[in-house]
Amino acid sequence: MNNDNKQIFLFVVFAAVVIGIAVTLVLGKNKDVETFHETSPKTAETAAKPEEASPDEHRKAAVMMENEETAGDAIPESTPAEPQKEGDDIESAEINGGVDVEVVKDKDSVADSEGFFHGKILPEKGIEEALLKVPGLQIKHAMEISNAIRYDVDLTKIKAGEDFKVKFDKDGNVEEFLYYPDIVTLHILKRDPVEKKLKYTAKTLPTERRFRIIEGKIDSTLNESLVKRDDVTRNIRAVTVGILECIVSFSTDARKGDEYRILVEDRYYKGEMVPGSKVLYASYRGKQAGFSEAFRYEDEDPKSAFNAHYTDKGKALVPNAMRLPLDTIRITSPFGMRRHPITGKMTKHHGIDYGAPVGTPVYAVAAGTVREVKETQLGGKQVTIRHADNTETYYLHLSAFSVRPGTAVSARQRIASVGNTGRSTGPHLHLGIKDPKGNWLNPQKVKMIATPQLDSKRMPRFKKQMDEILKLLDNTAQYQEWMRKYNEGPQPGDFYQQYKE
Ligand SMILES: [Zn+2]
């Protein structure tokens with residue numbers, strides 16, 4: 001660094017510190033600002049010890065957390081509503097509630113030999129906050145990255161401890177961003193030299209699928225029996241109990257000695273389990289309850305709303321009464337505090353944004369009556385439906401309406417088409433849910449269901465998958481029984497013959 005540059009650099013640092021202090025004094029009571037001021041010291045700390053723990057240890061920790069919390073399709077917990085004052089415009093708080101703060105950075109932090117700065121996803125924070133911990137990374141960089149990746153990566157599923165790294169070019173722009181949530185998945189953003197935009201690609205390593213059967217008898221409840229087992233993660237338990245609850249009246253029919261059986265698909269890479277274990281099958285047999293079973297269905301599209309559990313007749317088993325508003329679910333912005341995609345300011349988002357092309361059918365998430373069909377500056381073309389319990393659902397940024405005020409709609413009835421009207425960065429549906437007191441609820445926490453019944457178009461595919469599952473159950477059960485006898489008994493040859501038959 002020559003003298004001129006040094007002076008400019010010192011001046012910039014000085015100015016930034018002065019602005020930082022001024023902002024603290026003016027907005028010291030604001031929670032968002034306090035969050036930001038934790039930034040500098042922690043950045044210095046992490047940067048000073050880049051090799052504190054081996055990457056392997058980090059990965060293992062991340063994998064364990066993943067397996068515990070998110071493998072497969074977790075059932076969302078219900079939580080109380082977050083209070084919110086009623087306003088005329090749903091998205092207005094996104095614009096007025098924010099605070100603009102520049103973050104002061106430690107310029108001496110270390111990049112790796114390839115020029116990447118490393119970071120980790122933070123607990124209960126968006127990807128932008130984690131990015132802002134990276135030395136030299138500004139809000140505009142964070143917004144560029146999150147806007148470039150949100151259509152391909154479900155940002156509501158990011159988990160604390162997951163790794164990413166960023167590299168800048170000589171002009172100070174983001175050149176490359178790598179996000180690796182587990183040992184087999186790599187999300188890549190790279191600046192296109194012609195278009196100058198960040199382009200998304202992904203790499204996944206091939207994994208080996210393994211199947212296992214979990215079975216046993218219950219003492220008190222199915223949930224308590226599963227809690228006691230080491231081989232049942234929280235997610236497997238939640239999914240199993242959730243789907244069986246739809247077909248078994250546990251409160252009246254469960255008896256001691258009733259039996260359960262679960263088929264789980266795990267994924268392995270080089271002998272290590274990776275996230276994404278799935279419950280393919282669950283059954284329950286009881287004196288009073290009789291026999292019930294559930295099968296997993298996988299559509300061609302991994303993001304299809306039809307990916308769920310069903311009875312052998314194709315009836316959906318999802319423990320709630322809410323449907324999804326679109327056929328394909330791609331969350332581009334979750335509920336709650338976030339950085340506004342246009343302003344980059346911290347604001348509260350009162351709904352969920354689902355990315356979808358203009359014209360995609362929008363469905364009512366539950367039966368109700370259309371209360372309002374109108375166009376506003378922020379929400380664009382919008383529909384409001386009032387439901388039997390007086391909650392209301394709001395559908396914003398539409399391109400066309402299929403209903404009028406007063407129309408009675410059923411769940412999953414088409415009400416409109418996705419659009420890009422009002423204040424919007426691209427075609428998407430904003431879904432908001434308001435309780436009778438006027439509080440906005442998190443639609444993801446209001447339990448949702450994919451679809452009530454598989455249609456005739458999907459039934460053949462489902463039947464095929466059911467057959468595969470039943471075959472697997474048979475093979476796996478046979479193998480496990482054989483292993484048990486093999487380990488106990490003295491005649492391996494005989495048992496092998498038995499297994500083969
Ligand atoms: Zn929105």
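Quick one: P405 ticks every box in (1) more than 30 Å from R458 (Cα to Cα); (2) within 16 Å of the ligand (Cβ to nearest atom) except a single one, so which number is it?
Only one criterion in (1) more than 30 Å from R458 (Cα to Cα); (2) within 16 Å of the ligand (Cβ to nearest atom) is unmet by P405, namely (2).
Sort through A316, A308, A356 and tell me the only one that's touching a Cys at 6+ places or on another chain (Cβ under 9 Å) and either within 16 Å of the ligand (Cβ to nearest atom) or small (G, A, S) (or both). Explain how you work it out, then say what you get.
Numbers: A308 fails: touching a Cys at 6+ places or on another chain (Cβ under 9 Å); A356 fails: touching a Cys at 6+ places or on another chain (Cβ under 9 Å).
Unique residue meeting the criteria: A316.
I'm checking my understanding of the structure. Among residues of the stretch 400-427 that are open to solvent by less than 70 Å² (accessible area, probe 1.4 Å) and among the β-branched types (V, I, T), which one is nearest to L326 (Cα to Cα)?
Across the stretch 400-427, the extreme among qualifying residues is V418.
Is it fair to say P436 is in contact (Cβ under 8 Å) with a residue 12 or more places away in the chain, under 23 Å from D353 (Cα atoms) and within 16 Å of the ligand (Cβ to nearest atom)? Spell out how you get there, then give the answer.
On the way: in contact (Cβ under 8 Å) with a residue 12 or more places away in the chain: yes; under 23 Å from D353 (Cα atoms): yes; within 16 Å of the ligand (Cβ to nearest atom): no.
Against the criterion (in contact (Cβ under 8 Å) with a residue 12 or more places away in the chain, under 23 Å from D353 (Cα atoms) and within 16 Å of the ligand (Cβ to nearest atom)), P436 does not qualify.
Which helices (runs of 4 or more DSSP H) sit wholly inside the stretch 79-167 and have at least 1 residues that are at pLDDT below 85?
Counting at least 1 such residues, we get 92-96.
Surrounded by fewer than 22 Cβ atoms within 10 Å (Cβ to Cβ), under 24 Å from I158 (Cβ atoms) and assigned by TED's automatic domain parsing to the domain that holds A408 - does that describe any residue in the stretch 352-371?
Within the stretch 352-371, one or more residues are surrounded by fewer than 22 Cβ atoms within 10 Å (Cβ to Cβ), under 24 Å from I158 (Cβ atoms) and assigned by TED's automatic domain parsing to the domain that holds A408.
From (1) part of a loop (DSSP other than H, G, I, E, B); (2) open to solvent by less than 20 Å² (accessible area, probe 1.4 Å); (3) without any contact (Cβ under 8 Å) to a residue 40 or more places away in the chain, pick out the condition that doesn't hold for D230.
The one condition D230 does not meet is (2).
Being without any contact (Cβ under 8 Å) to a residue 24 or more places away in the chain, out of contact with any Asp or Glu (no Cβ under 7 Å at 6 or more places or on another chain) and open to solvent by less than 40 Å² (accessible area, probe 1.4 Å) narrows it down to one residue among V279, V241, V248; which is it?
Details: V279 fails: without any contact (Cβ under 8 Å) to a residue 24 or more places away in the chain; V248 fails: without any contact (Cβ under 8 Å) to a residue 24 or more places away in the chain.
Of V279, V241, V248, the one residue that is without any contact (Cβ under 8 Å) to a residue 24 or more places away in the chain, out of contact with any Asp or Glu (no Cβ under 7 Å at 6 or more places or on another chain) and open to solvent by less than 40 Å² (accessible area, probe 1.4 Å) is V241.
Can R323 be described as at pLDDT 90 or above and away from the ligand (no atom under 15 Å from the Cβ)?
Details: at pLDDT 90 or above: no; away from the ligand (no atom under 15 Å from the Cβ): yes.
No; evaluated as a whole, the condition is false for this residue.
Please enumerate the residues belonging to the stretch 324-345 that are open to solvent by 20 Å² or more (accessible area, probe 1.4 Å) and of a type in the set (A, V, I, L, M, F, W, C).
Passing the criteria: L324, I329, F335, M337, I342.
With respect to V279, determine if the residue is assigned by TED's automatic domain parsing to the domain that holds P427, β-branched (V, I, T) and either within 26 Å of I145 (Cα to Cα) or modelled with pLDDT of 90 or more (or both).
For V279, the condition - assigned by TED's automatic domain parsing to the domain that holds P427, β-branched (V, I, T) and either within 26 Å of I145 (Cα to Cα) or modelled with pLDDT of 90 or more (or both) - is not met.
Quick one: which residue in K374, K345 is over 25 Å from S304 (Cα atoms) and either away from the ligand (no atom under 16 Å from the Cβ) or out of contact with any Gly (no Cβ under 8 Å at 6 or more places or on another chain) (or both)? First the steps, then the outcome.
Values: K345 fails: either away from the ligand (no atom under 16 Å from the Cβ) or out of contact with any Gly (no Cβ under 8 Å at 6 or more places or on another chain) (or both).
Answer to the selection: K374.
Of the residues that make up the stretch 124-141, is at least one acidic (D, E), open to solvent by less than 30 Å² (accessible area, probe 1.4 Å) and closer than 28 Å to K348 by Cα? Can you show your working first?
From the stretch 124-141, those acidic (D, E) are 124, 128-129; that's our starting set.
When the remaining residues are screened for being open to solvent by less than 30 Å² (accessible area, probe 1.4 Å), the result is 128-129.
Then keep just the ones that are closer than 28 Å to K348 by Cα; that gives 128-129.
Looking for residues that are acidic (D, E), open to solvent by less than 30 Å² (accessible area, probe 1.4 Å) and closer than 28 Å to K348 by Cα, one finds at least one in the stretch 124-141, hence yes.
Any idea which of (1) more than 16 Å from the ligand (Cβ to nearest atom); (2) at pLDDT 85 or above is the one I331 doesn't satisfy?
Going through the list (1) more than 16 Å from the ligand (Cβ to nearest atom); (2) at pLDDT 85 or above, I331 breaks only (1).
If you take the residues in the stretch 148-171 that are under 27 Å from P427 (Cα atoms) and free of Cβ contacts under 8 Å to residues at least 60 places away in the same chain, which one is surrounded by the most Cβ atoms within 10 Å (Cβ to Cβ)?
V153
Exactly one of (1) assigned to a strand (DSSP E or B); (2) open to solvent by 30 Å² or more (accessible area, probe 1.4 Å) is unmet by V194. Its number?
(1)
The values are calculated or read from the model by the stated rules, or taken from the named source; none is laboratory data. If you're wondering where the values come from, they're calculated on a predicted model, not measured in any experiment. Using ideal geometry, Cβ is built from the backbone for each residue, glycine included, and neighbour counts are taken over all protein chains shown. Protein only, heavy atoms only, side chains kept; ligands, DNA and RNA dropped before computing areas. Shrake-Rupley method; radii C 1.70, N 1.55, O 1.52, S 1.80 Å.
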